[in-house]
Every structure is written in structure tokens, then in C-alpha cells.
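Comments concern the structure below.
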Ligand code: IPM
Ligand code: MG
């Protein structure tokens, strides 16, 4: 029987609640599809700061690197916002991404028919949306040097550097081209080449690769226009290729096409080694511990882990189908609640998902 070692990183806020739901579902599908999952929990983010003083203990990073896949719930809490940056929960997540060399972040955005009226956008605009954000995850302004704060001439200054090397652009563009080839064959690369040199390099490298992928239709869009087009006519997009910061912003925007950010999973991959699978949403400290969280993005992230990370597509299908069935039956968490539906908490939603398996 195949055995996969999975590191669970519940993290902060609603993280532990949604991790419980995902874990119970994973235990059932692995049993049913005849493979074994060996779980190991590790601390990260604010909970790791509380227990070890560090947002990413070395033992957590080591366990993740030695695993077959990592499933992370969420990190972050306002309690830590006043700590120096190297001690904040977010720094733990960035350290994990960098430490595992997870340069490619895939964020699929697909409309679930049962949720079409949960979106703040009109049905005619979002019906049939099916796009993939391919976000560069270990470079750009998130990691560029120099960065910092200083005082000079009686004033203060804060600065970060947006920088990409040609090879960093090439490796993420290659991922996007290959995904586009498996989908509808359209790649839109997002940049700000009308202003930024780093973006002109990005655009030039994508253009230089295009002839190698004859079947792919390549276009470029400035990020401000992309933000507008995502709400004006999102169906025009198949694969959106972005740098780290632009992808962060556009993927939250794209999430709202589906009605709630509580529905969006993601996968972060390197060139080899284990992947990291996590919901796009954050730790939602305002509803943490109140049994109100939507566990579905976490469950769908677990499905991505099964499909991409562990090569267990049948088990991944089973989880995705369970989500569809529960939604079609009218069960909703508070973030998605609509007239005529049944509102459930996180735990009860987990029970319904188990029944739907
Ligand atoms: C995301 C999050 C993170 C990011 C934060 C928590 C550091 O917003 O995964 O989109 O900015 O990448
Ligand atoms: Mg984000």
C-alpha cells in the first residue's frame, strides 16, 4: 500500500478548525482509495511564536522538506503586528516558501454553479469563469534587496526592491506555458512594463519563450487593466501569469468572482521536492474559535495536494465532488449564506462533507 507522509501546519486563527475538517476527510478518502497518509503536525506562524519564539522553527522547515506534501491552513494574527518583521507570522510563511524553493503558486478560480448568486458580480459576467493564476512566489518585491527603513536628513524612508532575474522569469513562465497547453491554450502575462524596468524584462523574457510554445496564444496586460478586466469580463482569461505582488492582489480580486475567498485553494510548487498546499484566504482572526469558518478552501487544497502532490487523482475527485454535492444540497457557511439555504458552522459543514463522501 502506498504511504505518503503529510505535514499539517494548522497555524493561526481559523487554521486549527479547518485543519480538523480536512484531516478527517483525508483519513476517509485514503482508506477508501487504499493508500496510507501519515500525518505529522508542526507549528508555524503566531502559534509557533507562542511555543518557540520563532514564526518558522528550523524543525518545522526540516519536517516539511522531508515530507511528501505539506498542507497549511493559515497564519497571522493582529496580536503580532507590532513585532519586528523577522518575528511576524507572515515572515514564517515567506521563509517556508523560500526554504522549500516553491517558486510557482497555482491559484485556480472556477465558478461553482451552486454559488453563482453568492458573488457580488452579475451572473452574466461570471457564469463559466475558469481561470488559473500562476503567481511567482519566491522573488519580486517580497524578497528583493535592498529593503528596510532608515532615517536621514530629519525624515524617515521605507523601501523595498522589485527585482527579477531572467532565469527567475523563465522558470515561472515555463510553468504557465505548460499549464496553458493543458487548458485552453491562452496565456496572459501581467506586468507594468509601461513604467517599470523589471516588468519590461519580464515581458521580453515571456516573448522570447513564446516561439517555443507554438500552440499558445500569448498576450500581455498592464496590471491596472488586468484588475479592471477581471471584474469587467473575467471569461476572457485562461492562464494569468504574474509576479509575486501583482499575483497576490489579483488572486484576492479573482477570488471574489467565486462569491467568497473561503472557496479558493492553491498549490505552491518547486522544480522537485514536496509541494505546499494552502487556501488563498487568511487566518480570519475575527471569527477564529467560533465555529464559523468555511473549511471548503482547505478541503479543496487537500484535493490539490492529493492530485498534484501525491498523484492520487481518484481521491482528489472524491473530495471535490463532496464539496459540489454539499453546496448543491444547499448547505452554506456564513460567508456564502443565501436565502433558502441552510447555514452551518465549520464542524457541521465537515460532517456534511463526510456524509457526502
Ligand atoms: C497570500 C497571502 C500571503 C502573501 C501573506 C499572508 C504573506 O496574502 O498567500 O496571498 O502575501 O503571499
Ligand atoms: Mg494574499
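Nothing in this text is a laboratory measurement; each read-out follows from the coordinates by a stated rule. Note that the structure is predicted; figures quoted are calculated from it, not measured. Cβ placement follows ideal geometry from the backbone for every residue including glycine, while neighbour counts extend to all protein chains displayed.
Arranged by the count of other C-beta atoms within 10 angstrom, fewest first, what order do 242, 138 take?
Ranking 242, 138 by Cβ neighbours within 10 Å, fewest first, gives 138, 242.
Per the helix-only calculation at 222 nm, which mean residue ellipticity applies to the chain, given -39500 (n - 2.57) for every DSSP H run of n ≥ 4 and division by its residues, nearest 500 deg cm²/dmol?
The per-residue figure over the chain is -11500 deg cm²/dmol.
Given 20 °C and 1.002 mPa s, how large is the Stokes-Einstein diffusion coefficient of the range 120-258 in µm²/s, with Rh as the Kirkwood radius over Cα pairs? Walk me through the intermediate numbers first.
Working: Rh = 15.9 Å.
Calculated translational D: 134 µm²/s.
I need to check one value: relative contact order of the range 238-282, counting alpha carbon pairs closer than 8 Å and at least 6 residues apart, in percent. Don't skip to the answer; put the middle values down first.
Numbers: 33 pairs, mean separation 13.1, N = 45.
29 percent.
Taking 0.36 nm per residue of separation and subtracting the Cα-Cα distance, what length does fully extending residue 203 through residue 112 add?
On the way: separation 91, 0.36 × 91 = 32.76 nm, distance 3.28 nm.
So the extension gain works out to 29.5 nm.
When only Cα pairs under 8 Å and 6 or more residues apart are kept, what is the percent relative contact order across the chain? Don't jump to the answer; show the numbers that get you there.
Working: 772 pairs, mean separation 78.2, N = 357.
For the chain, the relative contact order is 22 percent.
Can you pull the Rg over Rh of the chain, Cα-only, Kirkwood? Show your work: numbers first, answer last.
On the way: Rg = 20.2 Å, Rh = 21.0 Å.
Reported Rg/Rh (Cα atoms, Kirkwood Rh): 0.96.
Based on the Kirkwood radius over alpha-carbon pairs, what is the Stokes-Einstein translational diffusion coefficient of the range 140-184 at 4 °C with 1.567 mPa s viscosity, in µm²/s?
On the way: Rh = 13.1 Å.
After rounding, the answer is 99 µm²/s.
Please order 79, 123, 88 by the number of other Cβ within 10 Å, starting at the fewest.
Details: 79 13, 123 10, 88 21.
Going from sparsest to densest Cβ surroundings: 123, 79, 88.
If neighbour count is taken as other Cβ atoms inside 10 Å, put 33, 281 in order from fewest to most.
Working: 33 16, 281 25.
Taking fewest neighbouring Cβ atoms as first place, the list is 33, 281.
Counting only C-alpha contacts under 8 Å and six or more residues apart, can you give the relative contact order of the range 120-258 as a whole percent? Intermediate values should be presented prior to the final figure.
Numbers: 216 pairs, mean separation 52.0, N = 139.
Once normalised by length, the contact order is 37 percent.
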